[in-house]
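The values are calculated or read from the model by the stated rules, or taken from the named source; none is laboratory data. Everything numeric in this text was worked out from a predicted model, so none of it was measured. Ideal geometry is used to build each Cβ from the backbone, glycine not excepted, and the neighbour counts take in all protein chains shown. Accessible surface areas use protein heavy atoms only, side chains included; no ligands, DNA or RNA. Shrake-Rupley method; radii C 1.70, N 1.55, O 1.52, S 1.80 Å.
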Amino acid sequence: MAGRTVSSGGAKGERRKPRSVESHQRGPGKAGKSRKARSVASRPEIVDESRPQEVTRAIGREGAFVDARELHSEDYVAETLHQTTGTLGVISRPKVVDFTERAKERKRAGMRVIALRVVAMVTSVAVLIGLVWLLFFSSVFRLEVGAISVSGANEWVSEQTIRSIADKQAGKSLFLVSTNDVSKQLGNIPGVSEANVSKQFPKSMSVEVKAQRPAAMLKNGDTLTAVDSQARVLNSVTDANVDGIPVIEVKDVDKSLKNRSIKEALTILGALPESMRSAITQVTAETQDSVTTTLNDGDRVIVWGNSSQLKLKMAVVDKIINDSNVIGDRHQVDVSAPLKPIMK
């Protein structure tokens, strides 16, 4: 739509406020409105320069004349200053983002984070290395030979034999010493029935063994060889006291240790109480099912058979030989079948 600006009347040099002139095509019933619009358009107005001027809107017939010199153009600079003026009247410039500098700042921040992580990682590794050195390689927890105590040795199981195993752990950190492995090695010593190994922090260890007497002495002529209940030859048997130790006569020691009947006899003798063992004067084992012990030079003869049901057999023998009403004047007790003992 096009329009024109009309001014009329007034003093010379006095500015007139542009008015909007609307042109409408006449139609039925609208002639009065058109005359009213022309009447208003011809009325002059005084322009107040202190008030912001509005942009003239020219709305009229298409192709109507508009005087561009009378059109008001908006001062965008003044409007921007007006919008950016603070409460104290100070003009504040809109913030301008420097994306290049911002990217550099982000890069520097990222480098600082990476540096902190690297420092934390290096510190953690250093602490871990220091802890490993302290626990496993320093002298703080190092086991020395003089800090290993041994008890329980006897004339059949010497302290030197026990120390030959325990002293192998010297020079290690106490954290690296396996008490189970040491106990197992000590248990393999002939004559050792039990071994207890304990660590005593910061750097000492105690070894306590239960060394049994020989289960029997194998006699071959004038030679006596001490063996345990597992048919193992004991150490340090030369010039040892054999009082109260059962004696088994054999033709060959090495072959006898592999013989099933001798092994059965040694198992039985090793399980008997010390009071009965000390009373045994002879042991025979013609077969593995005919192990026999003689007490007090023939006062009592016990036929054990083999080592099966040994606890029950010992209980039956103890009941019979210690009850005079049961044993009477008989001397031999056969417990090969413990539920049906035979007395002769």
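Annotations for the structure displayed:
- In this structure, Asp167 does not satisfy being open to solvent by 70 Å² or more (accessible area, probe 1.4 Å), more than 22 Å from the chain's Cα centre (by Cα) and not hydroxyl-bearing (Ser, Thr, Tyr).
- Unique residue being of a type outside the set (Asp, Glu) and either under 30 Å from Asn188 (Cα atoms) or in contact with a Cys (Cβ under 6 Å, 6 or more places away or on another chain) (or both) when the list is Ile320, Ile248: Ile248
- Residue check, Ile245 of a type in the set (A, V, I, L, M), closer than 21 Å to Thr223 by Cα and in contact (Cβ under 8 Å) with a residue 12 or more places away in the chain: yes
- Boolean, Leu269 is crowded, with 19+ Cβ neighbours inside 10 Å, closer than 24 Å to Ile320 by Cα and either small (Gly, Ala, Ser) or without any contact (Cβ under 8 Å) to a residue 60 or more places away in the chain (or both): yes
- Selected residue [among the hydroxyl-bearing types (Ser, Thr, Tyr) and open to solvent by less than 70 Å² (accessible area, probe 1.4 Å)] from Ser290, Ser324: Ser290
- Test: residue in segment 295-317 that is under 24 Å from Ile189 (Cα atoms), at pLDDT 90 or above, part of a helix (DSSP H, G or I) and among the polar types (S, T, N, Q): no
- Against the criterion of being out of contact with any helix residue (DSSP H, G or I) (no Cβ under 8 Å at 6 or more places or on another chain), aromatic (Phe, Trp, Tyr) and closer than 22 Å to Gly270 by Cβ, Trp156 qualifies.
- Meets criteria (part of a strand (DSSP E or B) and of a type outside the set (Phe, Trp, Tyr)) for Ile268: no
- The one condition from (1) surrounded by fewer than 18 Cβ atoms within 10 Å (Cβ to Cβ); (2) closer than 17 Å to Ile327 by Cβ that Arg300 does not meet is (1).
Yes or no, residue by residue, for (1) among the β-branched types (Val, Ile, Thr); (2) crowded, with 21+ Cβ neighbours inside 10 Å:
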residue: Leu218; (1), (2): no, yes
residue: Val227; (1), (2): yes, yes
residue: Asp243; (1), (2): no, no
residue: Val247; (1), (2): yes, no
residue: Ser256; (1), (2): no, yes
residue: Ala265; (1), (2): no, yes
residue: Glu274; (1), (2): no, no
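- Pairs, first touching a residue at least 60 places away in the same chain (Cβ under 8 Å) in segment 161-190, second open to solvent by 30 Å² or more (accessible area, probe 1.4 Å) and assigned to a loop (DSSP other than H, G, I, E, B), C-beta under 9 Å, six or more apart: Thr161/Ala153; Thr161/Asn235; Thr161/Ser236
- Residue in segment 140-154 that is among the small types (Gly, Ala, Ser), in contact with a Lys or Arg (Cβ under 7 Å, 6 or more places away or on another chain) and not in a helix (DSSP H, G or I) present: yes
- Meets criteria (touching a strand residue (DSSP E or B) at 6+ places or on another chain (Cβ under 9 Å), open to solvent by less than 90 Å² (accessible area, probe 1.4 Å), at pLDDT below 90 and farther than 30 Å from Glu208 by Cα) for Gly89: no
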